Amino acid sequence: MTEFLELETQDAVRMPWNILPGSKSEAAQCVIPVSAIYTPLKPFPNTPTLPYAPLRCRNCRSVLNPFSIVDFSSTKIWICCFCLQRNHFPPSYQSISETNMPAELFPQYTTIEYESPSEKASLTNPVFLFVIDTCVIEEEIGYLKSSLLQVVGTLPENCLIGLITFGTYVHVHELGFGQIPKVYVFKGSKEVSKDQVLEQMGFFANKLKPTTGVIAGVRDGLSQESISRFLLPASECEFTLNSILEELQRDPWPVPADHRAARCTGTALSVASHLLGICVPGSGARIMAFLGGPSTEGPGAIVSKILSEPIRSHKDLDKDSAPLYHKAVKFYEGISKQLVHQGHVLDVFACALEQVGLAEIKVACEKTGGLVVLAESFGHSVFKDSLKQVFQSDGNDLGLSSNGIFEINCSKDIKVQGVIGPCASLEKKGPLCSEVVVGQGNTTAWKMCGLDKTSTFCLIFEVAKKENPDAIAQSANPQFYFQFLTYYQHPSGQMRLRVTTLSRRWVAGPGSVQARALYALYAVCFCFWAL
């Protein structure tokens, strides 16, 4: 058990098989698949952060690691353990020797982080865009305002904040001019495009709009002044934001006694994703939606406004008799693709006694790694405690990483079937992709828009070796290797790369099945003991 504990604490990886079957036929006899449970950002206090870019293999692009074969002679060459490619060290490594090795070659640093100077220069601040449902009773609005006012005061000063409220219409609040409240209004019954948001919110009011190319962020033609109207640091907009929240009231549009409130949840989330895509593309940002009931207006609606029409139930979904379900799911799938492309996260805080349409919205939360909190009321302790936990400061930051990309390299006799977890496929196909797809498969790279120190992923592999197992048993090097690369935006705003490289071994021939069964028994015993 000590061996398994050391392996897990060193790399944050738990594998049911620490010895792999030597052929595809033997692997087929294993009930438990070849897999690994990996926590990419688990804190390791003793792991150094190297202030330079990683050294990569010119053939397979894997990163230099302790399992690489290094020639310390005058030639200064290292051999990749994945593809056996010979690579020359750059001039900055010419002083290395057996007694003067860089940190990435130390045997205890199988997990290590990189932070190059160029990545420090691209430091960006975390962004929080609050999307608030006002189609709730005054008491619920009071509870929500109280909780939001508490967390806004605890945010780090460098965090950027934006505010959208919605009911029958969508209201985008301009926080950059606190003297006179200014709001941009969008009709909730119609789908809003990115070009309409650009035009109606006056991003090019004082200059000509570019006729071609992507319009997003300062690099693509937007001025910082126009962006700062809607996204401001907490230290600059706290007074304005508090004033708006304190004066926030229920949606003023009348609701007949036999109707539901006109709630345009889909349009509000669409406008929010467009706004973030325009202002802060490719940087860590979260849409935090506070919902108090079902969407009844515009795209993404799950039920009509007529109160006599019941909301679809689980039986309706099983029988495929929910008329608005597939259309709403398709709409939110479009939002999820947009958010994944932008690197942004959708969090949903649903507090109501009736359904809010989470079955339709969940695809956007799952693909972006967002949080989902369900409670009966905004005054319930589940909601209040969960919201405080999200904004609980860990030193100088909130502990929320974002905009991550996860990649896998492995030995040629192993293929990747897929990943199970809060991520989205980047469709990076190659020889390491298995024909069998599990979870997010047919790729070796995934987008992880939101992650923290507890985010965990299950990686499923396939043994592709078809040769005679006896040949493997006689092999001089029965080792195989995995390498996990996580490129992400640190809570401080800096971009980092964490690299974890693992080595395990093949077992083939007589007694191999019994040996693997014994290791699996130890692994199961350790799992129960750790719990």
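A few comments on the model shown:
- Ranked packing of 418-429, 64-75, 446-457, most packed first, by mean Cβ within 10 Å: 446-457, 418-429, 64-75
- Radius ratio Rg over Rh of the range 283-381, counting only Cα atoms, Kirkwood formula for Rh: 0.98
- For the chain, the Kirkwood radius over C-alpha pairs fed into Stokes-Einstein at 25 °C and 0.890 mPa s yields D = 96 µm² per second.
- Dipole in debye (nearest 20) - the chain, about Cα centre, beta carbon charges: Lys, Arg +1; Asp, Glu -1: 1420
- Helix axis angle, 325-342 relative to the chain longest principal axis, alpha carbon, degrees: 60
- Simple rule: put +1 on each Lys or Arg Cβ and -1 on each Asp or Glu Cβ in the chain, find the dipole, and look at Thr47, Leu160, Ala28; the Cα lying farthest toward the positive end is Ala28.
- Span from the the range 62-76 Cα centroid across to the the range 83-161 one, whole angstrom: 29
- Each residue of the range 369-383 is assigned a 3J(HN,Hα), and the resulting list reads x, x, 9, 10, 10, 10, 8, 7, 7, 5, x, 6, 5, 4, 5 Hz, derived from the Karplus form 6.51 cos²θ - 1.76 cosθ + 1.60 (θ = phi - 60°), x at Gly and Pro.
- Per-residue ellipticity at 222 nm, computed for the chain from helices alone with -39500 (n - 2.57) per DSSP H run of at least four residues, works out to -8000 deg cm²/dmol.
- Relative to the longest principal axis of the Cα atoms of the chain, the long axis of helix 2-11 lies at roughly 60 degrees.
- Highest-first packing order for the peptide set 52-62, 155-165, 84-94 is 155-165, 52-62, 84-94, based on the mean count of other beta carbon atoms within 10 Å.
- The chain: antiparallel DSSP beta bridges as a percent of all, rounded to 5: 70
- On Cα atoms only, tilt of 138-152 relative to the major axis of the chain in degrees: 50
- Across the range 348-457, the relative contact order, built from alpha-carbon pairs under 8 Å that are at least six residues apart, equals 27 percent.
The numbers here are math on the coordinates, done by the rules we state, and not lab data. Remember, it's a predicted structure, so these values are computed and weren't measured experimentally. Reconstructed Cβ throughout: ideal geometry from the backbone, glycine too, with neighbour counts over all protein chains shown.
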